[in-house]
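Asks: Below is one structure. I have some questions about it.
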Amino acid sequence: MPDTTLTARVRADRAGPTRALLTRDRVEWWAVFTLCALPLLALGWWTATGALGVNPIETIVRHLGDWALRLLVITLALTPLRHLTRTARFIRYRRMIGLWAFTYACLHVLAYVVIDIGLHWPTLLSDLTKRPYIMVGMAAFVALIPLAATSTSGMIKRLGGKRWKRLHRLIYPAGALAAAHYFLMVKADITDPMLYISILVLLYAVRLGRWQVGKSV
Ligand code: HEM
């Protein structure tokens with residue numbers, strides 16, 4: 001016999017929207033996850049169908065670098081967006097998008113080291129010491145490693161909120177270094193790297209402004 005008491009009905013009423021909300025959250029989570037994975041799937045598809053263009057290695061390295069930078073900038077934009085829209089809706093995806101940015105950065109570096117220079121360590125060493133854009137890119141990559149390594153809830157607990165937050169401020173220099181890496185790499189048209197630099201300057205200015213008036217950043 002179904003329980004038709006008032007308490008049971010109230011409980012059912014409460015459970016209904018909660019379940020719907022949970023389902024909506026899950027759909028949204030998967031939508032964000034899929035959107036982040038799409039550039040990688042596209043790259044896989046182009047590789048399988050031979051659609052990488054005349055310089056496949058360059059296409060792979062650059063595509064992965066582009067998406068590492070784009071997702072890094074999106075991660076950095078989520079907190080100012082929360083203040084601007086006064087909704088915490090997007091902030092819950094910061095960790096996921098940040099981890100995707102790191103994944104693309106790892107694949108970008110791997111593509112360069114393995115496919116581009118064929119694991120030739122003397123070339124890597126010479127690039128790291130003689131080509132400024134590689135040096136700066138490596139600094140950006142190294143800055144992202146502790147962030148990815150401490151991204152779990154367990155690590156937040158272990159480090160303590162304050163220390164974890166302080167460590168995660170590394171994302172600001174990492175973003176700046178990644179944009180500088182792009183800027184130093186291009187030889188003629190600086191439109192794209194300047195676009196990233198302008199967005200980052202704007203985002204950092206918003207944070208600096210909030211920090212100066214004593215608000216959380
Ligand atoms: C957070 C780390 C990094 C980010 C976000 C990043 C991002 C980028 C971007 C946006 C580009 C330009 C893509 C385009 O032209 O459309 C690029 C190119 C490149 N990056 Fe990175 N990068 C990072 C780290 C590194 C590291 C550590 C290395 C090497 C050890 C590296 C090697 C290269 C190379 C070889 C190119 C292509 C140069 C060319 O085709 O002439 N990057 N990267």
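Asks: Answer yes or no: is there a residue in the stretch 159-167 that is under 22 Å from Tyr104 (Cα atoms), part of a helix (DSSP H, G or I) and at pLDDT 95 or above.
Replies: Start the filter on the stretch 159-167 by keeping residues that are under 22 Å from Tyr104 (Cα atoms), which leaves 167.
Checking the rest, the ones that are also part of a helix (DSSP H, G or I) come to 167.
From what is left, the residues that are at pLDDT 95 or above are 167.
Yes.
Asks: Answer yes if at least one residue in the stretch 173-186 is touching a helix residue (DSSP H, G or I) at 6+ places or on another chain (Cβ under 8 Å) and not in a helix (DSSP H, G or I), and no otherwise.
Replies: The first filter runs over the stretch 173-186 and keeps only residues touching a helix residue (DSSP H, G or I) at 6+ places or on another chain (Cβ under 8 Å), leaving 173-186.
Imposing the further condition that a residue be not in a helix (DSSP H, G or I) reduces the set to 186.
Yes, the conditions are met somewhere in the stretch 173-186.
Asks: Being more than 30 Å from Ala31 (Cβ to Cβ) and either surrounded by 12 or more Cβ atoms within 10 Å (Cβ to Cβ) or among the aliphatic types (A, V, I, L, M) (or both) narrows it down to one of Ala180, Ala140, Ala105, so name that one.
Replies: On the way: Ala140 fails: more than 30 Å from Ala31 (Cβ to Cβ); Ala105 fails: more than 30 Å from Ala31 (Cβ to Cβ).
Within the list Ala180, Ala140, Ala105, the selection yields Ala180.
Asks: Among residues belonging to the stretch 143-158 that are part of a helix (DSSP H, G or I) and under 15 Å from the mean Cα position of the chain (by Cα), point out the one that is surrounded by the fewest Cβ atoms within 10 Å (Cβ to Cβ). Steps first, please.
Replies: First pass over the stretch 143-158, keeping only residues part of a helix (DSSP H, G or I): 143-149, 153-158.
Imposing the further condition that a residue be under 15 Å from the mean Cα position of the chain (by Cα) reduces the set to 143-149.
Details: Ala143: 18, Leu144: 23, Ile145: 14, Pro146: 14, Leu147: 21, Ala148: 16, Ala149: 11.
Ranking the qualifying residues of the stretch 143-158, first place goes to Ala149.
Asks: Anything in the stretch 92-122 that is among the hydrophobic types (A, V, I, L, M, F, W, C) and under 18 Å from Ala37 (Cβ atoms)? List them, or say none.
Replies: First, the residues of the stretch 92-122 that are among the hydrophobic types (A, V, I, L, M, F, W, C): 96-97, 99-102, 105-107, 109-111, 113-115, 117, 119, 121.
Result: Met96, Ile97, Leu99, Trp100, Ala101, Phe102, Ala105, Cys106, Leu107, Leu110, Ala111.
Asks: Given the condition modelled with pLDDT under 95 and within 21 Å of Arg92 (Cβ to Cβ), answer yes or no: does some residue in the stretch 170-178 qualify? Even if it seems obvious, please write down each step before you answer.
Replies: Step one: filter the stretch 170-178 for residues modelled with pLDDT under 95, giving none.
The answer is no, given that none of the residues of the stretch 170-178 is modelled with pLDDT under 95 and within 21 Å of Arg92 (Cβ to Cβ).
Asks: Considering only the stretch 41-73, how many residues are over 17 Å from Ala140 (Cβ atoms), surrounded by 20 or more Cβ atoms within 10 Å (Cβ to Cβ) and near the ligand (Cβ under 8 Å from one of its atoms)?
Replies: Number of matching residues: 1.
Asks: Right, here's the next one. Just the residues that are surrounded by 16 or more Cβ atoms within 10 Å (Cβ to Cβ) and of a type in the set (D, E, K, R), please, taken from the stretch 125-137.
Replies: Matches in the stretch 125-137: Asp127 only.
Asks: Can I ask one more? Given the structure, is Ile97 crowded, with 18+ Cβ neighbours inside 10 Å and either acidic (Asp, Glu) or touching a helix residue (DSSP H, G or I) at 6+ places or on another chain (Cβ under 8 Å) (or both)?
Replies: Yes: the conditions hold for Ile97.
Asks: Out of all the residues in the stretch 78-123, which are modelled with pLDDT under 95 and in a loop (DSSP other than H, G, I, E, B)? Break it down stepwise before answering.
Replies: We begin by selecting, within the stretch 78-123, every residue modelled with pLDDT under 95; these are 79-92.
If the condition is that a residue be modelled with pLDDT under 95 and in a loop (DSSP other than H, G, I, E, B), then Arg86, Thr87, Ala88, Arg89, Phe90 are the ones that fit.
Asks: Keeping to the stretch 126-141, report how many residues are more than 18 Å from Arg70 (Cα to Cα), part of a helix (DSSP H, G or I) and within 11 Å of the ligand (Cβ to nearest atom). Can you show your working first?
Replies: First, pick out the residues of the stretch 126-141 that are more than 18 Å from Arg70 (Cα to Cα): 126-132, 134-135.
Adding the requirement that they be part of a helix (DSSP H, G or I) leaves 126-130, 132, 134-135.
Filter once more, keeping what is within 11 Å of the ligand (Cβ to nearest atom): 127-128, 134-135.
Looking only at that region, the number is 4.
The values are calculated or read from the model by the stated rules, or taken from the named source; none is laboratory data. This structure is a prediction, so every number in the text was calculated from the model and none was measured. Counting neighbours? That spans all protein chains shown, and the Cβs are built from the backbone with ideal geometry, glycine included.
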